[in-house]
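*Asks:* Structure below; questions to follow.
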There are 2 protein chains.
Amino acid sequence: MENKGISKAVINRLPRYYRYLGMLLDQGVDRISSGELSRRMNLTASQIRQDLNLFGGFGQQGYGYNVRKLYDEIGKILGLDCSYSLVVIGAGKLAQAISGYFGFEKRGFKIEAMFDRDPDKHKNDVVGGIPLYPLSDLKAYLSEHVTDIAVITIPAEAAREVTDCLVEGGVRGIWNFAHTDLDVPDSVTVQSVHLSESLMQLSYKINH
Amino acid sequence: MENKGISKAVINRLPRYYRYLGMLLDQGVDRISSGELSRRMNLTASQIRQDLNLFGGFGQQGYGYNVRKLYDEIGKILGLDCSYSLVVIGAGKLAQAISGYFGFEKRGFKIEAMFDRDPDKHKNDVVGGIPLYPLSDLKAYLSEHVTDIAVITIPAEAAREVTDCLVEGGVRGIWNFAHTDLDVPDSVTVQSVHLSESLMQLSYKINH
């Protein structure tokens, strides 16, 4: 499977295709036409055919798409056939919400540890079944445990401080919830979820 | 101020400009050149000049941008000079993380109430200072309280069920954290934060 030439816009649509195909599987649907998928996803049928043709074109005239094959193929492209070790930086409500969401583990994202500046404020050393360590142990932890992804849920300044330690510790990706951009080398990917910015976009759209 | 003709891409960049300008104000910086802003924001200076010219062109040759004026103007465009009444649907960890983030209230987003299917599971009727009601009271609440935005933090199926009630109750915007698309009339804006899809984009980027 060669993914060269696939635009960022298509990549951004893939998780949504994956979600809809997963729902179809849950409903016992094993094939679907581009027309029917277009109705459900609120995209044009030609957009769907164009997007999905990029991934081997599993659609057949008069048959439609094989839902399972397409679901598995998109899952592979998204890297969901691999498993990932995660650490969560911070142990507040957002950290707990993320680490308590079992859907992530089902997709191969396994949270192995949480780190907090002040773990004593939590009643014990385990939050939702995940071991909690002091942030000062992060460097040592990363030197002993191969870690693919770090989830940052701490405030902006602390997030910028911890980033170097994560990069030096060999983390490949950072899922960043802090209200800041992070400075990393090209070998590390940052995916940010800026909640404030999302809310501002909502208020913009309400007003225009 | 006429915003016609401002592209979606520019609108999506506005909250980030707003964030950087806010940081500059905090640092006591009252003017900045497009070159310096470009270095900080990792955008080209010509991109910045092009974007900001759309909003009245506060930059002056040899002087740069007036940070306060630009910050206020972008805030107005984003609708941050208004205040908004919010309700949060759900009272789990994510709902608590969102309602506990004081940055939103500072920007005019005031969470007035939370609703949960089973409020008895919480020890009292207030979560982080916000009154908690049973979801069955939502319709009556909305008929008595003008509510601008609803934040949905409940699972997909329940989210789809509650949407009609929110629309009928006159909500103008929905900030949707449920792992589903929502069906609303054109008069209502949905801004979704699909956390699973963000994580899948990260795993895609790690692998390519």
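*Asks:* Specify the residue with the greatest mean-square fluctuation among A:SER198, A:SER136, A:SER38, computed from a Gaussian network of chain A linking alpha-carbon atoms under 10 Å apart.
*Replies:* Its mean-square fluctuation being the largest, the pick is A:SER198.
*Asks:* Any idea what the dipole of chain B comes to, in debye rounded to 20, about its Cα centre with Lys/Arg Cβ at +1 and Asp/Glu Cβ at -1? Numbers along the way, then the final one.
*Replies:* Details: 23 positive and 25 negative charges, 236 e Å.
It works out to roughly 1140 debye.
*Asks:* What percent do you get for the relative contact order of chain A when only Cα pairs under 8 Å and 6+ apart count? Please list the in-between numbers first.
*Replies:* Details: 277 pairs, mean separation 27.3, N = 208.
Contact order relative to length: 13 percent.
*Asks:* Summing both sides, how much accessible area is buried between B and A? Use a 1.4 Å probe and give Å² to the nearest 100. Provide the component values of the computation, followed by the final result.
*Replies:* On the way: alone 12720 and 12700 Å², together 20440 Å².
Buried area (both sides, nearest 100 Å²): 5000 Å².
*Asks:* Next question, about the same structure. Using a 1.4 Å probe, what is the accessible area per residue for the protein assembly as shown, in Å²?
*Replies:* Numbers: 20440 Å² over 416 residues.
With all protein chains present, the protein assembly as shown gives 49 Å² per residue.
*Asks:* Starting from a label point 7 Å past Cα on the Cβ side, list the distances from B:SER85 to the same position in the other copies, nm, shortest first.
*Replies:* For B:SER85, the inter-copy label distances come out at 5.1 nm.
*Asks:* With only alpha-carbon pairs counted, each pair once and no self-pairs, how large is the Kirkwood hydrodynamic radius of the protein assembly as shown in angstroms?
*Replies:* Values: mean 1/r = 0.0430 Å⁻¹.
The Cα-based Kirkwood calculation yields 23.3 Å.
*Asks:* Right, next: Answer with one residue from A:VAL193, A:ILE74, A:GLY169: the one whose Cα lies farthest towards the positive end of the charge dipole of chain A, charges on Cβ with Lys, Arg +1 and Asp, Glu -1.
*Replies:* Final value for the positive-end residue is A:ILE74.
*Asks:* Sort all Cα-Cα distances of region A:49-154 into consecutive 10 angstrom bins from zero, then give the percent of pairs in each bin up to the one containing the longest distance.
*Replies:* Values per bin, smallest distances first: 13, 36, 21, 15, 11, 3, 0.
*Asks:* Further question on the same structure: How tilted is helix B:8-26 with respect to the longest principal axis of chain B? Cα atoms for both, answer in degrees (0 to 90, nearest 10).
*Replies:* Long axis of B:8-26 versus the principal axis of chain B: about 80 degrees.
*Asks:* What gaps in nm, shortest first, separate A:ARG117 from its twins in the other copies when you place the label 7 Å past Cα toward the beta carbon?
*Replies:* 3.7
*Asks:* In addition: Using just the alpha carbons, could you tell me how many Å³ per residue the convex hull of region A:102-208 encloses? Each step should come with its number before you reach the end.
*Replies:* Values: hull volume 15.6 nm³, N = 107.
Roughly 146 Å³ of hull volume per residue.
*Asks:* A further question follows. Please compute, for peptide B:78-86, the average count of beta-carbon atoms on other protein chains lying within 10 Å of each residue's beta-carbon. Intermediate results must be reported in sequence, preceding the final value.
*Replies:* Numbers: counts 10, 9, 5, 1, 3, 0, 4, 0, 1.
If you average over the peptide's residues, the count of other-chain Cβ atoms is 4.
*Asks:* Right, something else. Using the scaling law 2.2 N^0.38 Å as the reference, what is the normalised Cα Rg of chain B? Write down the numbers at each step before the final one.
*Replies:* On the way: Rg = 20.0 Å, N = 208, 2.2 N^0.38 = 16.7 Å.
Ratio of Cα Rg to 2.2 N^0.38 Å: 1.20.
*Asks:* Per residue of B:18-26, count partner chain C-beta atoms within 10 Å of its C-beta, then hand back the mean as an integer. If you can, show how the numbers build up before the last one.
*Replies:* Details: counts 3, 8, 1, 0, 1, 3, 0, 0, 0.
Average neighbour count from other chains, rounded to a whole number: 2.
*Asks:* For helix A:156-168, what angle does its Cα long axis make with the longest principal axis of chain A, in degrees from 0 to 90 and rounded to 10?
*Replies:* Around 80 degrees separate the two axes.
*Asks:* Using modelled backbone amide H atoms (1.01 Å from N, in-plane), which distant-in-sequence or interchain residues come within less than 5 Å of A:MET114's amide H?
*Replies:* A:VAL88, A:LEU132, A:TYR133
*Asks:* On a C-alpha basis, how far is the centre of region A:138-208 from the centre of region B:24-100 in Å? Whole number, if you could?
*Replies:* 20
*Asks:* For chain B, what proportion of DSSP beta bridges, expressed in % and rounded to the nearest 5, is antiparallel?
*Replies:* Values: 5 of 26 bridges.
Around 20 percent of the beta bridges assigned by DSSP in chain B are antiparallel ones.
*Asks:* Could you tell me which of the pairs A:LYS205/B:LYS110; A:LYS93/B:LYS139; B:LYS76/B:LYS110; A:LYS93/B:LYS110 are separated by over 22 angstrom between their Cα atoms in the structure shown? Could you put the intermediate results ahead of the total?
*Replies:* Details: A:LYS205/B:LYS110 18 Å; A:LYS93/B:LYS139 28 Å; B:LYS76/B:LYS110 18 Å; A:LYS93/B:LYS110 19 Å.
Checking Cα-Cα distances, A:LYS93/B:LYS139 exceed 22 Å.
*Asks:* Using alpha carbons only, how many degrees (0 to 90, rounded to 10) separate the axis of helix A:195-207 from the longest principal axis of chain A?
*Replies:* For A:195-207 against chain A, the angle is about 50 degrees.
*Asks:* Taking the label point as lying 7 angstrom from Cα along the Cα-to-Cβ axis, what are the distances from A:SER7 to the corresponding position in the remaining copies, in ascending order and in nanometres?
*Replies:* 1.1
*Asks:* With a 1.4 Å probe and all protein chains left in place, how much of the accessible area of chain A comes from carbon and sulfur atoms, in whole percent? The partial results should precede the final answer.
*Replies:* Numbers: 4700 of 10210 Å².
The computed percentage sits at 46.
*Asks:* Based on the Cα coordinates of region B:137-193, what is the per residue volume of their convex hull in Å³? Can you show the working numbers first?
*Replies:* Numbers: hull volume 3.9 nm³, N = 57.
Cα-based convex hull of region B:137-193, divided per residue, equals 69 Å³.
The values are calculated or read from the model by the stated rules, or taken from the named source; none is laboratory data. Just so we're clear, the structure is a prediction, and the values are computed from it rather than from any experiment. Don't worry about glycine lacking a Cβ; one is built from the backbone with ideal geometry, like all the others, and counts go over all protein chains shown. Ligands, DNA and RNA are stripped out before the accessible areas are found, and what is left, the full protein with its side chains, is counted by its heavy atoms. Shrake-Rupley method; radii C 1.70, N 1.55, O 1.52, S 1.80 Å.
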